[in-house]
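In what follows, a single structure is set out as structure tokens and then discussed.
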Amino acid sequence: MLRLDHVSKTYRVGAFGRGRLAAVRDVSFELRPGEVLSLIGESGSGKSTIGRMILRLLRTSGGSITYDDADIARLRGDELKEYYRRVQGVFQDPFSSYNPIFKADRVFAMIRAEFFPRVGQDEWRQRVHDALEAVSLNPADVLGKFPHQLSGGQLQRLLVARALLLDIRYFVADEIISMLDASTRIDVLNLLADLKSRGLGILFITHDLSLGNYISDTTIILRHGSIVEMGETEKVFGDARHPYTKNLLASVPHMHEKWQSNGSGPGTNGVAQPAIATPELVLIEEGHLVAAS
């Protein structure tokens, strides 16, 4: 089990680091195998900071993060390598994870050199192909290509396949679909659901409530680095108790409605404003117009 106990993170800010900024405040939760836990909040709420502390890219300022009852801050050498064999993450911008002068599948070669130096070439090639097929990628379409030759969705799936090569147990998905188009987003979400069915615990970090509702078993709402609401996703979304959560849910636009002020919405002194002109809906597939309304 991956557990956070009263975790906090404070940054030094200002001239000579005299100021303090509390990015995460007294956060506690557990992530279990086979569970998708959504960490939801606005920008600056501490979501990504929590993910980076779990991946040991940042040190905690207080509290502890334990994996199978071992404090990850104390892991060194082979113990730390074993931790990274079990806990991996993928971040928002897939292009930032690749060196543009190398082919994208170099990320697999780096994993092999670090974790599987004794695996033969043929066996390793088969492992890579199996991992790519597990994330719905055709090896012939992505191997030997430079990052700029692949789409954002393909690059994200390559990083997920890289994690699968390590036989991971926990996966930190930090805004991994926010830069993808709508059709690719659902594919990546379904991929995460498939990983969950294999027993992986997934921390899904997002600012999009609809995405969290779609995929998660448990939801945590963050505000200013603190947990304001936590529980089963259906309960959090269906019976929100904290005013901040209620405001978030009320702000989610509905596809079947267009915004129009009725005096309670944006306006001056409660005076209704004209409805915003909405452009027609246009659907394009492979460069061709397929529908418009």
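A short reminder: the numbers here are calculations on the coordinates, not readings from a lab. Please read all numbers here as calculations on a predicted model, not as lab measurements. Cβ sites come from the backbone with ideal geometry, for glycine too, and all protein chains shown count toward neighbours.
What the table shows:
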| quantity | calculated |
| --- | --- |
| Residue-count net charge about residue 245 - beta-carbon cut-off 14 Å; Lys, Arg +1, Asp, Glu -1 | -1 |
| Structure-based [θ]222 nm, the chain - -39500 (n - 2.57) summed over DSSP H runs of at least 4, per residue, nearest 500 | -9500 deg cm²/dmol |
| Antiparallel bridge percentage (DSSP; both residues within the chain; nearest 5) | 60 |
| Euclidean distance between Cα centres, the stretch 102-174 to the stretch 176-231, Å | 22 |
| Cβ-derived FRET efficiency at R0 35 Å, residue 75 paired with residue 234, nearest 0.05 | 0.45 |
| Cut-off under 5 Å, modelled amide H: who pairs with residue 102 long-range | none |
| Residue 15 versus residue 125: modelled label distance in nm, points set 7 Å from Cα along the beta carbon direction | 6.4 |
| Per-peptide average of other Cβ atoms within 10 Å, ordering 149-158, 110-119 highest first | 149-158, 110-119 |
| Three-way shape label, the stretch 2-253, alpha-carbon gyration tensor, a/c 1.5 | prolate |
| Farthest positive-ward along the stretch 2-253 dipole, Cα basis, beta-carbon charges - from 97, 136, 213 | 97 |
| Cα-centre dipole for the stretch 2-253 with unit charges at Cβ (Lys and Arg positive, Asp and Glu negative), debye to 20 | 940 |
